[in-house]
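The values are calculated or read from the model by the stated rules, or taken from the named source; none is laboratory data. The structure displayed is predicted, hence computed values, not measured ones. In this analysis, Cβ positions are derived from the backbone assuming ideal geometry, glycine residues included, and neighbour counts consider all displayed protein chains.
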Amino acid sequence: MRSHTSVFVGNLVFVAVCLSAAPFFLLVGFSAWSDHPGWDWPAMMIALGLGGTVMIPVVAVTATRQAFPRITRRDRVKGGNLPCPDDTFVMWAPRSEQGPAQAQLVRADVLEASLVRYNPDGESTFTTHYGNYTPDEFTPLIRLRLRVHDADGTGGFEVTGEWRVPSLCLSAITAGRLVVLVDASAAPGAQRTVTPHWPRSNLLAGTRTYRVIDLEGRTTDVTRRVGRQLQQMRISREVGGVAMTGDTVDLRRLDPHTATRYAALADRDRAVPEEQAPVSEPGEEARRLADQLPGEKAAFGSVGGRWSRRGGVLVRGRFLEMRARTTFQDHGPVLDTVLRVQPADGTPPFDAARRLTVPMDYLTVLHRTKEVVLTVSPNGVSYDVDWGRTSLLAGITAAKVITPDGRELLLTERPDTVWALMNLLAAHGLSNPGPVLDLRKPRMRAAAGILMDVCA
């Protein structure tokens with residue numbers, strides 16, 4: 001990952017080349033003014049040159065802030081932290097088509113998934129489209145084999161097709177649970193039209209948290225309670241939609257008839273509690289898309305010697321919110337995000353609102369983790385999102401350790417061990433720009449013992 005300084009210098013040079021005429025106009029204007037004071041055109045040349053010259057650092061700073069994921073004091077949420085638990089995650093994804101009124105809303109399990117096409121041609125530059133519009137080149141085309149359940153759960157059928165999947169909803173495919181609309185008017189034996197409903201799929205998959213406040217003011221977590229969620233979604237669709245405040249539906253704010261129907265589901269759930277569905281349905285390897293989509297290379301991370309010597313550290317943050325926009329880069333969408341950051345000095349966590357480009361491969365595992373790794377400046381003022389370390393901690397690429405005697409230790413499903421190794425490497429000033437940590441290398445010998453203790 002490039003440093004903030006290198007990104008700024010690159011932008012400064014690029015902008016200076018693009019606006020190189022401005023200093024020339026300034027020089028010509030001053031030269032003409034000294035020979036012909038009071039003339040209008042030298043004054044105009046000076047004004048143009050001065051304005052263009054001043055714009056060079058301003059544009060460079062703005063472009064660097066847009067491109068580099070740095071969090072500073074100016075990004076902190078005004079008025080204190082958001083009033084929500086640490087495990088909250090709200091996702092505002094593009095709306096799906098409602099479909100015909102006679103269509104049935106049912107569950108579908110993803111049996112297989114593969115990438116058909118994702119081919120943006122923006123050369124990593126920012127591309128913005130106005131209006132509620134996501135172009136096809138920034139929406140992956142995915143081939144899915146689905147097992148569609150009947151509304152009563154007694155049977156179902158399989159269907160294979162290709163669908164455009166909003167990047168914010170990719171984790172629902174990896175989790176393996178979708179909400180689909182099925183054409184109920186098709187003749188017996190005929191091919192039935194299946195339309196995935198992506199935002200609701202995020203809810204069913206457990207990517208987005210889901211809570212209900214009942215008529216007595218009690219809050220119930222309905223995340224991954226698949227049966228109850230489907231019933232609530234059907235009620236919501238029948239009445240034309242139920243508003244969620246963050247990740248919560250408050251029955252006290254609904255019309256009495258709808259609130260009563262929701263309350264009946266809550267009573268039934270209290271009488272016979274429904275177990276949570278698994279984080280991911282069996283067979284995840286057959287629908288894993290992370291390896292097929294772009295993103296930052298997973299790594300234990302590079303360590304700047306000066307940063308390490310002066311006390312730079314790593315901390316973990318967690319996404320509380322993601323909101324879709326209409327700006328994209330080749331390797332991911334630009335999202336309005338809110339993160340909760342736990343400072344390394346033990347002070348209370350703070351929330352930061354920041355516009356970030358989130359890599360596509362990370363979006364495929366949001367049902368498992370919302371955590372990010374941040375590098376903290378030695379003075380504790382700035383926090384940089386490190387997508388390479390984040391990808392490794394999230395398990396997008398499996399971390400591996402090669403011991404001094406040549407054994408290979410696979411750290412799959414061991415994020416705490418990966419996190420401990422990252423911190424030890426940072427503390428010892430050791431860079432490892434890849435997912436394989438080879439302790440046989442000479443530069444690793446001094447810390448090999450303590451690193452092995454962590455892996456034990």
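Only one of Asp330, Asp247, Asp267, Asp255 is out of contact with any helix residue (DSSP H, G or I) (no Cβ under 8 Å at 6 or more places or on another chain), crowded, with 18+ Cβ neighbours inside 10 Å and not assigned by TED's automatic domain parsing to the domain that holds Asp416. Can you tell me which?
That would be Asp247, the only listed residue that is out of contact with any helix residue (DSSP H, G or I) (no Cβ under 8 Å at 6 or more places or on another chain), crowded, with 18+ Cβ neighbours inside 10 Å and not assigned by TED's automatic domain parsing to the domain that holds Asp416.
Please name all residue pairs, on different chains or six or more residues apart, with Cβ atoms under 6 Å, provided the first residue is in segment 311-334 and is closer than 16 Å to Val372 by Cβ and the second residue is among the acidic types (Asp, Glu) and in a loop (DSSP other than H, G, I, E, B).
none
With respect to Ser280, determine if the residue is within 29 Å of the chain's Cα centre (by Cα) and within 28 Å of Arg224 (Cβ to Cβ).
yes
Sort through Thr375, Thr347 and tell me the only one that's without any contact (Cβ under 8 Å) to a residue 12 or more places away in the chain, over 12 Å from the mean Cα position of the chain (by Cα) and either surrounded by fewer than 18 Cβ atoms within 10 Å (Cβ to Cβ) or closer than 21 Å to Pro433 by Cβ (or both).
Just a single option satisfies the conditions, and that option is Thr347.
Within segment 190-208, restricting attention to residues that are out of contact with any Cys (no Cβ under 9 Å at 6 or more places or on another chain) and assigned to a loop (DSSP other than H, G, I, E, B), which residue is surrounded by the most Cβ atoms within 10 Å (Cβ to Cβ)?
Arg208
I'm trying to understand the selection: among the residues of segment 203-255, which are of a type in the set (Lys, Arg) and within 20 Å of Val279 (Cα to Cα)?
Result: Arg208, Arg211, Arg224, Arg225, Arg228.
For Arg323, work out the one condition from (1) surrounded by fewer than 21 Cβ atoms within 10 Å (Cβ to Cβ); (2) over 14 Å from the mean Cα position of the chain (by Cα) it doesn't fulfil.
So Arg323 meets the others, but not (2).
When you look at Thr357, is it under 30 Å from Pro135 (Cα atoms), touching a strand residue (DSSP E or B) at 6+ places or on another chain (Cβ under 7 Å) and surrounded by fewer than 19 Cβ atoms within 10 Å (Cβ to Cβ), yes or no?
The answer is no for Thr357.
Kindly indicate the residue of segment 224-257 that is of a type in the set (Val, Ile, Thr) and in contact (Cβ under 8 Å) with a residue 24 or more places away in the chain and also farthest from Leu366 (Cα to Cα) among those meeting that condition.
Ile235
May I ask you to verify whether Ala286 is farther than 29 Å from Thr326 by Cα, touching a residue at least 40 places away in the same chain (Cβ under 8 Å), loosely packed, with under 15 Cβ neighbours inside 10 Å and more than 27 Å from the chain's Cα centre (by Cα)?
No.
Restricting attention to segment 413-444, which residues are part of a helix (DSSP H, G or I) and either in contact with an Asp or Glu (Cβ under 8 Å, 6 or more places away or on another chain) or closer than 15 Å to Cys455 by Cα (or both)?
Within segment 413-444, Pro415, Asp416, Thr417, Val418, Trp419, Ala420, Leu421, Met422, Asn423, Leu424, Leu425, Met444 meet the criteria.
Answer yes or no as to whether Thr53 is among the β-branched types (Val, Ile, Thr), surrounded by 14 or more Cβ atoms within 10 Å (Cβ to Cβ), at pLDDT 75 or above and touching a Leu at 6+ places or on another chain (Cβ under 8 Å).
Criteria not met by Thr53.
Filter segment 111-165 down to the residues that are more than 23 Å from Leu363 (Cα to Cα), among the charged types (D, E, K, R) and surrounded by 13 or more Cβ atoms within 10 Å (Cβ to Cβ), then identify the one that is modelled with the lowest pLDDT.
Asp150
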